[in-house]
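The values are calculated or read from the model by the stated rules, or taken from the named source; none is laboratory data. As the structure is a prediction and not an experimental result, all values here were calculated from the model. We place every Cβ from the backbone using ideal geometry, glycine too, and count neighbours over all the protein chains shown. Heads up: the accessible areas ignore ligands, DNA and RNA and are worked out on the full protein's heavy atoms, side chains in. Shrake-Rupley method; radii C 1.70, N 1.55, O 1.52, S 1.80 Å.
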Amino acid sequence: QVQLVESGGGLVQPGGSLSLSCAASGVIFNVRAMGWYRQAPGSERELVASIRTNGTINYSDSVKDRATVSLNSANNTVYLQMNSLKFEDTAVYYCNLRFLGPLGRREYDYWGQGTQVTVST
């Protein structure tokens, strides 16, 4: 059974920094990408940053100048570093792992349980 275990998060002051990590455990074949999404109260879940195993990286416009995502493919661990945090970065941050299905036709997702990040004075 695949599990994504997130660490980091918590209370951060405006202008501060955030470091999140997520390690996947279990037998996983054909990993294609890992990344981070977030969901604020009353809002839909949105992409923060993703990194594919071929090295392609995608950031949301709201964080692209403040975030760095990295991936250790050897142990399926993804990291997120964010600087200059703002009040609007407050959300539950979810780890995502995307893999190619057995027929090779579509990709599927695993999700972590989420970690709360609160930006406040």
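Annotations
- For segment 41-71, the candidate set comprises residues that are more than 11 Å from the chain's Cα centre (by Cα), among the polar types (S, T, N, Q) and farther than 14 Å from residue 96 by Cα; within that set, the residue that is most open to solvent (accessible area, probe 1.4 Å) is 54.
- Hits in segment 1-22 - residues which are in a loop (DSSP other than H, G, I, E, B) and among the small types (Gly, Ala, Ser): 9, 15, 16, 17
- Test set (1) part of a loop (DSSP other than H, G, I, E, B); (2) open to solvent by 50 Å² or more (accessible area, probe 1.4 Å); (3) not basic (Lys, Arg) - residue 104 fails condition number: (2)
- Any hit, segment 89-97, residues being open to solvent by 20 Å² or more (accessible area, probe 1.4 Å) and either among the small types (Gly, Ala, Ser) or in a loop (DSSP other than H, G, I, E, B) (or both): yes
- Scanning segment 25-40 for residues that are assigned to a strand (DSSP E or B), open to solvent by 20 Å² or more (accessible area, probe 1.4 Å) and closer than 15 Å to residue 115 by Cβ yields 37, 39.
- Looking across segment 1-24, the residues that are under 22 Å from residue 71 (Cα atoms), open to solvent by 60 Å² or more (accessible area, probe 1.4 Å) and of a type in the set (S, T, N, Q) come down to 1, 3, 17, 19.
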